[in-house]
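Please treat every number below as a calculation from the coordinates, not as lab data. The model shown is predicted, which means the values in this text are computed figures rather than measured ones. Note: ideal-geometry Cβ built from the backbone for every residue, glycine included; neighbour counts use all protein chains shown.
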Amino acid sequence: MNIKLRFGVITVFSSFMTISACGGGGDSGSADTTTSRSTTGPITAFGSVYVNGNRYDTDNADIYIEDEVADESDLRTGMMVTVVEDDNGHAASISHDDDLEGIVTAVDVAASTIDVMGYTVTVTNETIFESDVASITDVTMIQPGHIIEVSGYSSGMGAITATRIEVEALDLASYLADHDEGIEVKGVVMNHSESTSEFDIGTMTVNYADAILSDLPNGIDNDIYVEVKSTLGLDDNNVLIASKVEQEDDGSIGHEGYEDDEYEFSGIIMAIGADTITVNSEVVMITDETEIENDGQGPLAVGDEVEVEAYFDDNGNLIAHEIEREESESEHVEFHDTIDTIVSSDTNIGTITLMDGTMIMVNNDTLMHDSRDNDMVADTHFNLSDLMSGDYIEVYAIDNGDGTYTAVKIEREDMVMAQPA
């Protein structure tokens with residue numbers, strides 16, 4: 001068994017400013033009395049689409065990426081998506097918007113963080129890494145000036161725990177050759193100054209003096225959620241020169257829903273109140289009826305990764321049915337070995353026995369990623385049924401205490417490159 005530390009797998013979290021509840025778009029007076037169910041989380045596997053442990057049939061699903069019609073083939077593991085269910089529990093629509101596509105300004109390998117245009121991006125064992133630049137083959141090779149796309153659990157105010165990082169280009173000039181709309185960042189407007197035409201997103205200042213302003217019915221103001229695009233990048237003072245500023249949806253950061261709509265999502269606890277927790281950017285109310293699964297780890301805490309099942313009340317508040325805390329990264333054990341045998345009972349459910357006899361349990365929550373190099377032609381839509389005896393894999397898993405392990409993440413690798421030092 002090989003256990004190693006790569007890019008500082010111990011994640012460091014800070015306390016973040018609590019984001020005020022935005023009401024989630026609730027509207028008890030709406031004429032629409034049909035309730036809906038939606039789920040937000042990272043894609044963990046394919047063969048249909050797996051999100052938050054749920055397998056969604058996609059035969060009739062509409063796919064959207066950045067509000068544009070797309071194909072299911074455009075989706076990738078680690079992308080944060082929102083799935084809206086139909087009456088049969090199948091996917092009616094799947095939508096993905098990245099949180100950030102911008103210039104790396106600093107990298108701290110020891111702290112597992114990458115600074116990107118005002119956001120501190122935390123890298124974990126579960127972060128999916130891919131690269132469109134042949135010379136960058138590992139997350140530790142990312143350097144200031146590189147352009148990366150990030151999807152993950154975002155506070156909207158300067159912190160993202162990455163579920164997926166993709167290197168887009170070595171620098172802004174080469175990126176703009178294929179992306180004429182420029183780099184982009186989404187976040188909550190802070191410290192707005194109309195006199196200087198500037199505001200902050202996270203720790204980055206944005207200058208919008210020459211920008212196109214779009215879908216801003218009340219103009220730019222503090223606390224609204226916007227998308228900023230830039231073709232000029234950062235000036236000498238690290239100020240982002242905006243080419244376009246657009247309000248996102250109704251300007252509120254939270255998920256929208258009507259009374260009794262159900263919403264399931266996963267994320268990181270950013271703040272804790274007397275009877276609320278803020279997960280990513282969602283304020284969730286906890287009641288006497290909320291079931292909390294702590295797995296013996298004590299009270300919920302800032303930095304915990306959780307999965308929340310909630311519903312909207314008649315005031316537009318999110319009320320938690322159930323909060324389940326995920327195992328911490330400190331409990332992950334890492335294996336590198338060749339597969340001996342595979343036994344499966346479903347597309348992504350079964351067991352893998354490694355050559356050393358270790359038994360790995362795979363379920364619908366397991367992240368499945370094919371990270372072989374270009375010579376091996378990686379499979380972008382990957383699941384347990386694609387693995388076979390003789391494949392070399394990296395596994396992050398939880399010790400079940402009975403001699404078996406449950407896989408949190410499985411990556412198929414090129415054996416030559418994957419040999420541990």
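When the alpha carbon gyration tensor of the range 204-323 is reduced to an equivalent ellipsoid, its three semi-axes come out at 35, 18, 10 angstrom, largest first. So, R0 is 41 Å and r is the distance between the beta-carbons of Asp171 and Asp223; what FRET efficiency does that work out to, to 0.05? FRET efficiency, Asp171 to Asp223: 0.75.
Between the range 301-315 and the range 247-278, how far is it from one alpha carbon centroid to the other, in angstrom? The range 301-315 and the range 247-278 have Cα centres separated by 7 Å. Between Ala111 and Leu216, the modelled labels are 3.1 nm apart [label points 7 Å from Cα along Cα→Cβ]. Multiplying the residue separation of Asp74 and Asn237 by 0.36 nm and removing their Cα-Cα distance gives an extension gain of 55.0 nm.
For Thr161, Thr113, Thr287, Thr35, what's the fewest-to-most ordering of other Cβ within 10 Å of each Cβ?
Thr287, Thr35, Thr113, Thr161
Taking Rh as the Kirkwood radius, which is the inverse of the mean 1/r over Cα pairs, what is the Rg/Rh value for the chain? Don't skip to the end; give the middle numbers.
Values: Rg = 21.4 Å, Rh = 22.3 Å.
Looking at the chain, the ratio lands at 0.96.
Each of His255, His369 has some number of other Cβ atoms within 10 Å of its Cβ, and from fewest to most they run His255, His369. Spatially close Lys pairs in the chain, defined by Cα atoms under 18 Å apart and a spacing of eight or more places or different chains, total 4. In this simple spin-label approximation, Ser330 and Met388 carry label points 7 Å from Cα along the Cα→Cβ vector, and these lie 4.3 nm apart. Which FRET efficiency, nearest 0.05, do Asp402 and Asp180 yield, Cβ-Cβ r, R0 60 Å? E between Asp402 and Asp180, to the nearest 0.05, is 0.60.
Quote the FRET efficiency, to the nearest 0.05, computed for Ser344 versus Ser195 with a Förster distance R0 of 51 Å and r equal to the Cβ-Cβ distance. List each step's numbers first, then the result.
On the way: r = 63 Å, r/R0 = 1.24.
That pair, Ser344 with Ser195, gives E of 0.20.
Sorting Ser73, Ser243, Ser112 by the number of Cβ atoms found within 10 Å of their own Cβ, with the fewest placed first, yields Ser73, Ser243, Ser112. When the Cα positions of His336, Asn207, Asn60 are compared along the charge dipole of the chain, His336 comes out farthest toward the positive end, with charges on each C-beta of Lys, Arg, Asp and Glu. How many nm separate the modelled label positions at Asn60 and Glu322, each set 7 Å beyond the Cα in the direction of the Cβ? Spacing of the two 7 Å Cα→Cβ label points: 2.7 nm.
Dipole size in debye (nearest 20) for the range 30-114 around its Cα centre, Lys and Arg Cβ +1, Asp and Glu Cβ -1? Walk me through the numbers before you get to the answer.
Details: 3 positive and 18 negative charges, 96 e Å.
Computed charge dipole of the range 30-114: roughly 460 debye.
Note on the chain: with charges restricted to the Cβ of Lys and Arg (+1) and Asp and Glu (-1), its dipole about the Cα centre is near 1320 debye.
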